[in-house]
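Encoded as structure tokens, the structure appears first; notes follow it.
The values are calculated or read from the model by the stated rules, or taken from the named source; none is laboratory data. The model shown is predicted, which means the values in this text are computed figures rather than measured ones. For neighbour counting, all protein chains shown are included, and Cβ atoms are generated from backbone atoms with ideal geometry for every residue, glycine included. The area values use the complete protein model at the heavy-atom level, side chains included, leaving out ligands, DNA and RNA. Shrake-Rupley method; radii C 1.70, N 1.55, O 1.52, S 1.80 Å.
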Amino acid sequence: MTRPLISVMIGVYNAERYLAEAIESVLAQNYRPLELIVVDDGSDDASGDVARRYGDAIVYARQENAGNGSARNHAVRLASGELFAFLDADDRFAPGKLELQFAALEADAELDMVFGHVREFVSPELTEAQRATVRPPAPQALPWPAPNLMLIRRESYGRVGPFSEVVRVGVTVDWYARAAEVGLRSAMLPEVVLERRLHLTNNGLRERDSRQQYLHVLKASLDRRRAQNSPDSPDTAPVSGGDPRP
């Protein structure tokens, strides 16, 4: 039986040091068929050169800098798969991630999306002085319902809609809150599916001046919940947790 195509999407901005590891972690997955889409969000380093070295193994596109949400949305427009997965350019898929998550979706036709656990690590190129400025990794792998740990059905993603292009941080919080609001059904696997890199230019650090936007994202979610729970609105699923970290 022909298995569904999985589209894996990476948005990259100035991550030339890490992008190859992210790409290799996708290409090393044992699941097939697979397509990998890399959208360069206006990088001014060699990220584009790194991506283009992979030739026909990936789909590459470039856009003017507009933020991670915009880069992901661009990738979605290019995607052909029946299933979607997302990866940040500085992180890595764990071996076997896609196969594990596909098996969970295949076993339960009512599931919309599958998550898993994340293991954090401090990027090895950092000096001791630099390591002191980065928060320590979590001591154990943690369950994390964030889009870059997710495998989701294309039609389920469409029920939620695109990532926000208004905020520079809080993009994943906003998307997951909307997914919960429309009642998507999810499962959390016990296995590690993502290795999250801690380094000097994580998005939450790079966009430090925009971190107040987390408050706007959370307020918007609360406002939607109040509207949906009003006597004039139908019942909907309650919002559960989102990505608590930058």
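For segment 24-33, a residue qualifies if it is of a type outside the set (Lys, Arg) and either open to solvent by 30 Å² or more (accessible area, probe 1.4 Å) or closer than 23 Å to residue 169 by Cα (or both), and the qualifying residues are 24, 27, 28, 30, 33.
Please specify each residue of segment 116-138 satisfying the condition of being open to solvent by less than 90 Å² (accessible area, probe 1.4 Å) and either in contact with a helix residue (DSSP H, G or I) (Cβ under 7 Å, 6 or more places away or on another chain) or among the β-branched types (Val, Ile, Thr) (or both). Even if it seems obvious, please write down each step before you answer.
Looking only at segment 116-138, we keep the residues that are open to solvent by less than 90 Å² (accessible area, probe 1.4 Å), and these are 116-118, 120-123, 125-127, 129-132, 134, 137-138.
Selection gives 116, 118, 122, 127, 134.
Contact map, segment 169-194: first residue part of a loop (DSSP other than H, G, I, E, B) and modelled with pLDDT of 95 or more, second residue small (Gly, Ala, Ser) and open to solvent by 20 Å² or more (accessible area, probe 1.4 Å), Cβ cut-off under 6 Å, separation 6 or more or different chains; pairs are 183/237.
Please find, within segment 6-21, the residue that is most open to solvent (accessible area, probe 1.4 Å) out of those that are out of contact with any strand residue (DSSP E or B) (no Cβ under 6 Å at 6 or more places or on another chain) and not small (Gly, Ala, Ser).
Looking at residues that are out of contact with any strand residue (DSSP E or B) (no Cβ under 6 Å at 6 or more places or on another chain) and not small (Gly, Ala, Ser), I get 17.
Taking the condition of a type in the set (D, E, K, R) and closer than 27 Å to residue 183 by Cβ, does residue 35 pass?
Values: of a type in the set (D, E, K, R): yes; closer than 27 Å to residue 183 by Cβ: no.
When the stated conditions are applied, residue 35 does not pass them.
For segment 139-158, which positions are free of Cβ contacts under 8 Å to residues at least 60 places away in the same chain and either touching a helix residue (DSSP H, G or I) at 6+ places or on another chain (Cβ under 8 Å) or open to solvent by less than 30 Å² (accessible area, probe 1.4 Å) (or both)?
So in segment 139-158, the residues free of Cβ contacts under 8 Å to residues at least 60 places away in the same chain come out as 139-143, 149, 155-156, 158.
Across segment 139-158, the qualifying residues are 149, 156.
Cβ-Cβ under 7 Å, sequence separation 6+ or interchain: first residue in segment 37-55 and in contact (Cβ under 8 Å) with a residue 24 or more places away in the chain and over 17 Å from residue 75 (Cα atoms), partner polar (S, T, N, Q) and open to solvent by 10 Å² or more (accessible area, probe 1.4 Å). Which pairs? Cβ pairs passing all conditions: 44/14; 45/14.
Of everything in segment 80-111 that's of a type in the set (A, V, I, L, M) and without any contact (Cβ under 8 Å) to a residue 60 or more places away in the chain, which residue is farthest from residue 29 (Cα to Cα)? Steps first, answer last, please.
First pass over segment 80-111, keeping only residues of a type in the set (A, V, I, L, M): 83, 85, 87, 89, 94, 98, 100, 103-105, 107, 109, 111.
Add one more test, that the residue is without any contact (Cβ under 8 Å) to a residue 60 or more places away in the chain, and what stays is 103, 105, 107, 109.
On the way: 103: 14, 105: 17, 107: 20, 109: 23 Å.
Looking at residues that are of a type in the set (A, V, I, L, M) and without any contact (Cβ under 8 Å) to a residue 60 or more places away in the chain, I get 109.
With in contact with a strand residue (DSSP E or B) (Cβ under 7 Å, 6 or more places away or on another chain), hydrophobic (A, V, I, L, M, F, W, C) and closer than 21 Å to residue 124 by Cα as the only criterion, which of 50, 26 stands out?
Details: 50 fails: in contact with a strand residue (DSSP E or B) (Cβ under 7 Å, 6 or more places away or on another chain).
Going through 50, 26 in turn, the sole match is 26.
Looking across segment 77-115, the residues that are among the basic types (Lys, Arg) and open to solvent by 50 Å² or more (accessible area, probe 1.4 Å) come down to 77, 92.
For segment 90-142, a residue qualifies if it is under 17 Å from the mean Cα position of the chain (by Cα) and polar (S, T, N, Q), and exactly one does: 101. Assessment of segment 35-53 against the conditions (of a type in the set (A, V, I, L, M, F, W, C), within 24 Å of residue 189 (Cα to Cα) and crowded, with 18+ Cβ neighbours inside 10 Å) yields at least one matching residue.
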